[in-house]
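Structure, as structure tokens:
The values are calculated or read from the model by the stated rules, or taken from the named source; none is laboratory data. Note that the coordinates shown come from a computational prediction; the quantities given were computed from them, not determined experimentally. Here Cβ is always computed from backbone atoms with ideal geometry, including for glycine, and neighbour counts include all displayed protein chains.
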Amino acid sequence: MAGFREARGDLLLESVTKSFGDFTAVDDIDLTVPRGSFFALLGPSGCGKTTTLRMVAGLEQPTTGRVKIGETDLTGSRPYERPVNTVFQSYALFPHLTIRDNVAFGPKRRKDKDAASRAADALELVQMTQFAGRKPAQLSGGQQQRVALARALVNHPEVLLLDEPLGALDLKLRREMQVELKRIQTEVGLTFIHVTHDQEEAMTMADTVAVMNKGRIEQMGAPAALYDLPRTRFVANFLGQANTGEGTIEAVDGDHLVADVFGTKVQILKSRSQVHEGRVLFGVRPEKVTVSRKQPDDVGNDVKGVVRDVSFLGVATSYLVDMPSGATWSCYEQNLDVEPVDLRPGDEVWLTWNPGHAFGVPADA
Amino acid sequence: MSALAQVAGDPAVDPVAPAPETQKRSWTAYLLLLPGVLWLGVFFILPLVQLASVSLQSRYPGFPGYYYRDLNFQNYVSALTDYAPHFARSFLYAGLATLLAFVVAYPLAYAMAFKAGRWRNLMMICVVAPFFTSFILRTFAWSQILADEGWVVRSLDVLHLLPGGQIINTPVAVVAGLTYNFLPFMVLPIYASLERADPRVIEAGGDLYANGFTTFRTVTLPMSMPGVLAGTLLTFIPAAGDFVNMELLGPQRGKMVGNVINDQFLAIPGGYPVAAALSFTLMAAILAMVFLYVRRFGTEELV
């Protein structure tokens, strides 16, 4: 095919910016996605994640910057010239073609003599063989989703782009498809780039997650690392829940920083804080906080609060506790004991945590 | 999303719905249908039956304008044998006009749907604007435009592109008039189906290695087929029965079947039965053609 660019290797975005008039959707992004990895772009709507994806697909061209796969520069090339395929948010199946013809569309355009058998294999992979003769309108959302996946996978693209592919599915189906997608990715070994606003989806599937906000990548890393040690206020709040409080760093005590957060002295490991002086946003994850009626013996890192709400969740109990600072903290206690801690709204409790679990991020960001 | 729509649509056929509810609802349905049914019954079905009866009547010899009830199939024989060339011309001119209208309308509708941006509404107004003046007036305007002294003929003359030296009073003028007059009926349905197409589906064509033209041929055009089908029918059917364009723009000889029906009814004494037979034949022929056409190109399975 004329103009088609064969390319192999990691996906590289180099200082990519995309503006629409005055609005900068993607602001100077540098990104390397290793070949064969499952990569998630996570962010709220309007953060630029879909625009980034569309620039990789060739459906948008960057205002400045380059898009490369390995050594091949794809900037400026048309979508049909790129070894990249997309699973669209609304699936975008061809309504006038059967499922079989939808899946065979790509191979046929590339003059593949085995288009039919490859389409059959791809349908097999997503377990949709028995629907090959139907039209898209005769399938459910989950089935259409599988077909959209097969239609992209059949081409063995160097990079597969998934634009909120599970957004339209109900929770149960979404969970199933998460496992399914991960299985398929492992099986075919292609680079998957998954755009989503669902942090749970990103964390369960991806090897690497990049959190985007306002056109920039706030932080990138393995899901567990991002969750354990967020580096910005945005990441702390967007990825899971975080109990936070703004304070001032007052002293350094060996490996620890001591901060005054609304009159309470809290410790943060130096290595777990992005700032070492001045204002800091202190944070600790809900499941790292212990709720007890009595003040614990080891002094420090404990705060007295008033229980506002108790929700029994089976495996765990979740508490909302009003803090002296005015904030409400969330605590998540596993129900390990037969006799649960019998707390009711209005009870005074002590919250405590291991200082090694706390983190500090810049207060103004 | 289609699953959702199905669920939402289901309660209407819920078998356990309370009976009185259903009864009330069905009465409402009949009540709502009543004006339309009455109107069609009085102004369409009855005249049609009347016309069918006239088409089989015979005239009293020596008394032009008087008929008696009969089963005179000779009217149909004469309609088919005497006026076969007129039928052929009607279908040829209407077919050409439909084809031309399609060729003009598709790019226009495409531009309106995908490229017009903020000009879209203005373009829409321009397409619909001719409806603000009467059909007859517009056709008269074309007789001016295509007149021998008009700028079109003169320009073509200067360029030596007009061997006959005339456009008006030729079949070319008739086809041009038909094309112009029915153009909006072609543009609007095509525009509607293109406008409704999900742009992501068209993008998907590009994403799956189809270049611009291939995407158009394999995705956009097939997706707009319901509009093309509706547009061609809305153009061909009235064009095949039209007589105004031929009357005002066409030659003296070589009329279309619409003109024959018009003349038989209004100008020729005692022409009613033949005119009625011609009308029925035209209707049957168009129905048959439409049926075959829809069978061949029908796209009901499309969303």
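Tabulated values for the structure
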| item | result |
| --- | --- |
| Test: residue in segment A:250-258 that is out of contact with any strand residue (DSSP E or B) (no Cβ under 7 Å at 6 or more places or on another chain) and either within 15 Å of A:Asn354 (Cα to Cα) or in contact (Cβ under 8 Å) with a residue 24 or more places away in the chain (or both) | yes |
| Selection count, segment B:74-90, where residues are assigned to a helix (DSSP H, G or I) and among the aromatic types (Phe, Trp, Tyr) | 2 |
| Segment A:89-120 - residue that is surrounded by fewer than 22 Cβ atoms within 10 Å (Cβ to Cβ) and within 18 Å of A:Thr50 (Cα to Cα) and, of those, nearest to the other protein chains (Cβ to nearest Cβ) | A:Ser90 |
| Of the criteria (1) modelled with pLDDT under 90; (2) surrounded by 19 or more Cβ atoms within 10 Å (Cβ to Cβ), which one B:Ala204 fails | (1) |
| Number of the condition not met by B:Leu159 [criteria: (1) within 30 Å of A:Thr98 (Cα to Cα); (2) away from chain A (no Cβ under 14 Å); (3) more than 25 Å from the chain's Cα centre (by Cα)] | (1) |
| Strands (runs of 3 or more DSSP E) lying entirely in segment A:252-357 (those with 1 or more residues that are more than 21 Å from A:Leu229 (Cα to Cα)) | A:264-269, A:289-292, A:302-312, A:316-322, A:328-334, A:348-353 |
| Every residue from segment B:203-235 that is part of a helix (DSSP H, G or I), within 14 Å of another protein chain (Cβ to nearest Cβ) and in contact with a Ser or Thr (Cβ under 6 Å, 6 or more places away or on another chain) | B:Gly205, B:Gly206, B:Asp207, B:Met225, B:Pro226, B:Gly227 |
| Condition met for A:Leu161 (buried (at least 24 other Cβ atoms within 10 Å of the Cβ), closer than 28 Å to A:Val33 by Cβ, in contact with a helix residue (DSSP H, G or I) (Cβ under 8 Å, 6 or more places away or on another chain) and away from chain B (no Cβ under 13 Å)) | no |
| Selected residue (only one of B:Ile202, B:Ile286, B:Ile237, B:Ile268 is over 24 Å from the mean Cα position of the chain (by Cα) and closer than 30 Å to B:Gln74 by Cα) | B:Ile268 |
| Checking A:Asn155 against (1) among the polar types (S, T, N, Q); (2) within 14 Å of chain B (Cβ to nearest Cβ); (3) outside any loop (DSSP other than H, G, I, E, B), the condition it does not meet | (3) |
| Out of A:Gly46, A:Gly76, sole residue that is more than 28 Å from A:Arg109 (Cβ to Cβ) and either away from chain B (no Cβ under 11 Å) or among the acidic types (Asp, Glu) (or both) | A:Gly46 |
| Candidates A:Ala225, A:Ala210, A:Ala236, A:Ala137 - the one that is crowded, with 21+ Cβ neighbours inside 10 Å and either assigned to a helix (DSSP H, G or I) or hydroxyl-bearing (Ser, Thr, Tyr) (or both) | A:Ala236 |
| All strands (runs of 3 or more DSSP E) inside segment A:6-82 with 2 or more residues being of a type outside the set (A, V, I, L, M, F, W, C) | A:11-20, A:23-33, A:64-69 |
| Matching residues, segment B:244-303, being within 14 Å of another protein chain (Cβ to nearest Cβ) and closer than 18 Å to B:Thr232 by Cβ | B:Phe297, B:Gly298, B:Thr299, B:Glu300, B:Leu302 |
| Breaking point among (1) surrounded by fewer than 17 Cβ atoms within 10 Å (Cβ to Cβ); (2) in contact with a helix residue (DSSP H, G or I) (Cβ under 9 Å, 6 or more places away or on another chain); (3) away from chain A (no Cβ under 14 Å), for B:Glu149 | (2) |
| Residue match in segment A:62-72 (condition: in contact with a Gly (Cβ under 6 Å, 6 or more places away or on another chain) and surrounded by 22 or more Cβ atoms within 10 Å (Cβ to Cβ)) | yes |
| Pick from segment B:253-303, criterion closer than 25 Å to B:Val172 by Cα and charged (D, E, K, R), ranking: surrounded by the fewest Cβ atoms within 10 Å (Cβ to Cβ) | B:Arg253 |
| Residue identified as in a helix (DSSP H, G or I) and of a type outside the set (Val, Ile, Thr) among B:Pro269, B:Pro238 | B:Pro238 |
| Per-region count, segment B:196-237, residues among the charged types (D, E, K, R) and under 30 Å from B:Leu287 (Cβ atoms) | 1 |
| Which numbered condition A:Arg118 misses (of (1) within 28 Å of A:Gly21 (Cα to Cα); (2) in a helix (DSSP H, G or I)) | (1) |
| Qualifying position, being surrounded by fewer than 16 Cβ atoms within 10 Å (Cβ to Cβ) and within 15 Å of the chain's Cα centre (by Cα), among A:Glu250, A:Glu200 | A:Glu200 |
| Evaluation of A:Arg151 against (1) more than 22 Å from B:Arg217 (Cα to Cα); (2) at pLDDT 95 or above; (3) surrounded by 19 or more Cβ atoms within 10 Å (Cβ to Cβ) (one fails), failing number | (1) |
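Let's see how each residue does on (1) without any contact (Cβ under 8 Å) to a residue 60 or more places away in the chain; (2) surrounded by 14 or more Cβ atoms within 10 Å (Cβ to Cβ); (3) assigned to a loop (DSSP other than H, G, I, E, B); (4) in contact with a helix residue (DSSP H, G or I) (Cβ under 9 Å, 6 or more places away or on another chain):
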| position | (1), (2), (3), (4) |
| --- | --- |
| B:Leu46 | yes, no, no, no |
| B:Val49 | yes, no, no, no |
| B:Phe63 | yes, no, yes, no |
| B:Leu71 | yes, no, yes, no |
| B:Leu92 | yes, yes, no, yes |
| B:Leu100 | no, yes, no, yes |
